[in-house]
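The values are calculated or read from the model by the stated rules, or taken from the named source; none is laboratory data. What you see is a predicted model; the values in this text were computed from it and never measured. Methodologically, a virtual Cβ is constructed for each residue, glycine included, from the backbone with ideal geometry; neighbour enumeration extends over all protein chains shown. Only protein heavy atoms, including side chains, enter the accessible area calculation; ligands, DNA and RNA are left aside. Shrake-Rupley method; radii C 1.70, N 1.55, O 1.52, S 1.80 Å.
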Amino acid sequence: MLMPKETYKNHYEELFSDENWLVETHEWNQQKQAFRETQFTIGNGDLCLRGVLEENPYDSYAGTYISGIYDRTGAQITEIVNLPNPLPIRIDVYGEKLDPVATDIVHHHRTLDLKTATLYRHSVYKTTHKKRLNYISRRFVSLHDKNLVVMEVEVTPLDAAMTINMQTGIDTGVTNKGTVTEGRKKHFMTCETSIKTGYNYLCVETFEKKVFVAYASALEIVYNGKARTVSERAVNLRVLKNETIIFRKYITVRSSSSAGLAEIKKETLSALKKARNKGFERLIAEHNAAWQKKWSVCDINIEGDEDATRALRFNIYHLIICGSETNDDASIGAKTLSGEGYRGHIFWDTELFILPFFIYTNPKVARNLLMYRYRRLDAARNNAAAKGYEGALFPWESADTGEECTPSWAKNFDGSIIKIVTMDEEHHIVSDIAYAFSNYAKVTGDESFLWKHAIELIVETARFWTSRVVLNRKKRRYEILHAMGPDEFHEDVDNNAYTNVLAKWNLLAACDLLAKTARKSPARLKQISKKLRIKPKEIAMWKNLGDRIHIPFSKKKRLIEQFDGYFRLNDHRITQLNDHFMPELPISLDWKDVSKTQFIKQADVVMLLYLLNDHFSHEEKRRNYYYYERRTLHKSSLSPAIHSIVGLEVGDEDKALHYFAHALSTDLSDIHGNSSDGIHAASAGGTWQAAIMGFAGLRPHDDFLALNPHLPSNWKKMSFAIWWRGALLKIRITSKKTGVEITKNPKNSKIFLQVYDQTQFLKPKGITCFERPETKRKKKRRES
Ligand code: BGC
């Protein structure tokens, strides 16, 4: 019989933040185990651990990932390495291994406190002898000390004294999960392991790249008010009824491809010693303080819609824990560091969906993400050359080396295995990356980055397009043939509008940048031109190509045509919605025929309307949005958030809210049924963009920042912070006015802001207020 919750003791509850910061589950459901492991991932930007239960129950999938550590063996495809699991704790009572799959569990509650990035758990087991054991645990990956993991487990026999056998270690038995086409894989071997008084040590080495990953751990037992460190991996203890025994495990993790075995061991052990000297409480306090600082910039608070606030925090949390502040040689994979979906590969998701969050809340991480691409510019040059192109062609799927690593086969929606051609056709990634470099430079005003890195990348990507376009002599225009746009339902199309417009943007952006450099600093232009061997003739060619790239447009329909011939495809209606009120492919159609229809997988033309927002009139946006929105099946999680932003802009508020809510719940409610493979990073980034670019209406311009808020009627107040041109702005929006305050401005930048239709320089101190025009008018009427 299930006991009422109150009868079970969990003193951690006193530590919980308010409920708008909590993600919880109150049930044990074996089917949802892998999903919860993803959802409850904890990390600090460099190291992430899936939220596996300490007991490693049957079917659990422990995942330990370090940003940037990839490997492959033989003909395999490079993938993120699943490293040894430092969390396992096995408890045996009366010879019975306790875990929720094997043992009766009468109470089970897990809580991820997003505010402090701490994972709590409370279970009550009932053994086959009908004796109950209260089990609580908490753990965190320190944000203060990037190499440290700390965990605590407390057990209390509730009915009778018990002999408890506890066993722990670092589990090297883990493998990568693999895929249907490749199977399970292991990517490391053990090089050293030792058990000494006061600590355990393990060092593994990845097979191909020879990266060392070292772990040192210490176990402390607190019993009868006394703490002692134990060296054995297994301890036997007699614990009386209602007495509590506490196990605390401190783990330090280091990785290196350059340090020797002795050096890495020394570093890992000295980090462990340092942590032990600080003690448990101080380690927690430092970790909490680091998160408090983090949230003071990253949080979005919506008064009036607490569910949206909590869901946004969940999505933002997952972005924070996978973006490294220190490593400029790694990027964020499509599934963050919370699972092995897409093998940890990096797509355009990072630059267009995830990066904006970091550009505005932590430019340091954003710069690192871009440096990851910049450092792989040579690989992109080689990739282009190998395929007969000029300039730089970034891979569709990227890992550590920057070489193309898209697999040739994958599972389709109907379960069939299909050939993948994205790597040969989704060349839009080239200008997506260039766009991201330009966006970062525009928002941050980071000129050194612009001169040193952005120009080179934008020039090399423009060069790619010069070789990718072909001249259609008859029509006197340039075309891009055999391509695929963001909509992956249609392969091998000619003149995908998204690709062509962005290629055009890329070519003209290179011209503009060089023209600006010529005006600002002729000496620098000389330097750059010399380094990149740019001749004036070449710049003229970019301009000519850019101006003459064909953009498919139907005069009759007054619509952008997604690609040549798209409007001639079968135009079916959406007749069915799924449980989440999202469109389904009509049952009369087969997945293999979807390319013959106008159904699209995700935002394509609509993505274009969003990215190059000021290239289109309101009317153009409206017409195109409504046409394509009705034909989009949103079979990619990248799609809904973008529809929310553009929908809001063109007045489709109900749908905008629907898409926003959908994107927010992607991994909170496992909407796509595959969250077990990892968090949908692009969707998480999309939720931030929908809130800030959508509801707050933020848009960066060359000389000013614009806000055009549009809050849903139940949102009383929306508060958030962003970095703009080196200053930190706190923004509060209500239905009547918007207040903006500069809270940090180390470079004393002058901030020019446009809110509604008013433009003002922000006061250096205090809040600058912008009233909604309607509020102003009402006030005036009242006064007169
Ligand atoms: C989408 C791509 C995306 C990839 C990784 C695919 O399903 O169509 O646009 O880059 O997933 O998230």
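Kindly report the accessible area of the chain per residue (heavy atoms of protein chains, probe 1.4 Å, no ligands, DNA or RNA), in Å².
40
Lys/Arg Cβ at +1, Asp/Glu Cβ at -1, dipole of region 178-224 taken about the Cα centre: which of ASN200, VAL211, VAL180 is farthest positive-ward?
VAL180
Based on Cβ point charges of +1 for Lys and Arg and -1 for Asp and Glu, what charge dipole magnitude is obtained for region 508-570 about its Cα centre, in debye rounded to the nearest 20?
So the dipole magnitude of region 508-570 works out to roughly 340 debye.
Tell me the angle of helix 618-629 to the major Cα principal axis of the chain, expressed in degrees between 0 and 90 and rounded to the nearest ten.
Value to nearest ten degrees: 50.
Let me spell out the model: positive unit charges on the Cβ of Lys and Arg, negative unit charges on the Cβ of Asp and Glu, origin at the Cα centre of region 411-460. What dipole size does that give, in debye rounded to 20?
Its charge dipole is roughly 120 debye.
What list of ³J(HN,Hα) values in whole Hz, one per residue of region 54-71 in order, does the Karplus curve 6.51 cos²θ - 1.76 cosθ + 1.60 (θ = phi - 60°) give from phi, with Gly and Pro shown as x?
Karplus-based 3J(HN,Hα) across region 54-71 equals 4, 6, 6, x, 3, 6, 6, 10, 5, x, 10, 10, 10, 3, x, 8, 10, 7 Hz.
Taking 8 Å as the Cα distance limit and 6 or more residues as the minimum spacing, I'd like the relative contact order of the chain as a percentage.
Contact order relative to length: 11 percent.
Rounding to the nearest 10 and keeping the result within 0 to 90°, find how far the Cα-based axis of helix 639-650 lies from the longest principal axis of the chain.
Taking Cα atoms only, the helix is inclined about 50 degrees.
Once phi is turned into θ = phi - 60°, what whole-Hz ³J(HN,Hα) does the Karplus curve with 6.51, -1.76 and 1.60 give for every residue of region 377-387, x standing for Gly and Pro?
Computed from phi, the couplings for region 377-387 are 5, 5, 4, 5, 5, 5, 4, 5, 4, 4, 9 Hz.
Hey, if you put +1 on the Cβ of every Lys and Arg and -1 on every Asp and Glu Cβ in the chain, which of HIS615, SER256, PRO486 ends up farthest toward the positive end of that dipole?
HIS615
Can you give me the angle between helix 536-547 and the longest principal axis of the chain, using Cα atoms only, in degrees from 0 to 90, rounded to the nearest 10?
90
In what sequence, highest mean first, do 248-255, 8-15, 411-418 appear when ranked by Cβ atoms within 10 angstrom?
My ranking of the peptides, most packed first, is 248-255, 8-15, 411-418.
Accessible area of region 5-298 with a 1.4 Å probe: how many percent of it is carbon plus sulfur?
48
Near the amide H of HIS427, under 5 Å away, which other amide H atoms are found, from residues 5 or more places off or on another chain, if H is placed in the peptide plane?
Those qualifying (amide H under 5 Å, at least 5 residues apart or on another chain) are MET484.
List the residues whose amide H sits under 5 Å from the amide H of GLU192, counting only those 5 or more places along or on another chain, with H placed 1.01 Å from N in the peptide plane.
CYS203
In sequence order, what are the phi-derived ³J(HN,Hα) couplings for region 86-103 according to the Karplus relation 6.51 cos²θ - 1.76 cosθ + 1.60 with θ = phi - 60°, rounded to whole Hz, with x for glycine and proline?
Each residue of region 86-103 in turn: x, 8, x, 9, 10, 10, 10, 10, 6, x, 10, 6, 8, 6, x, 7, 8, 10 Hz.
Can you give the helix-only mean residue ellipticity at 222 nm for the chain, where every DSSP H stretch with n ≥ 4 adds -39500 (n - 2.57) and the sum goes over all residues, rounded to the nearest 500 deg cm²/dmol?
When only DSSP H runs of four or more count, the value is -9500 deg cm²/dmol.
To the nearest 20 debye, what charge dipole does the chain have about its Cα centre, counting +1 at the Cβ of each Lys and Arg and -1 at the Cβ of each Asp and Glu?
2800
Net charge near LEU728: determine it from the other residues with C-beta under 11 Å of the C-beta of LEU728, scoring Lys and Arg +1 and Asp and Glu -1.
+2
Got a number for carbon plus sulfur as a percent of region 559-690's accessible area, 1.4 Å probe?
Looking at region 559-690 in its full context, I get 47 percent from C and S.
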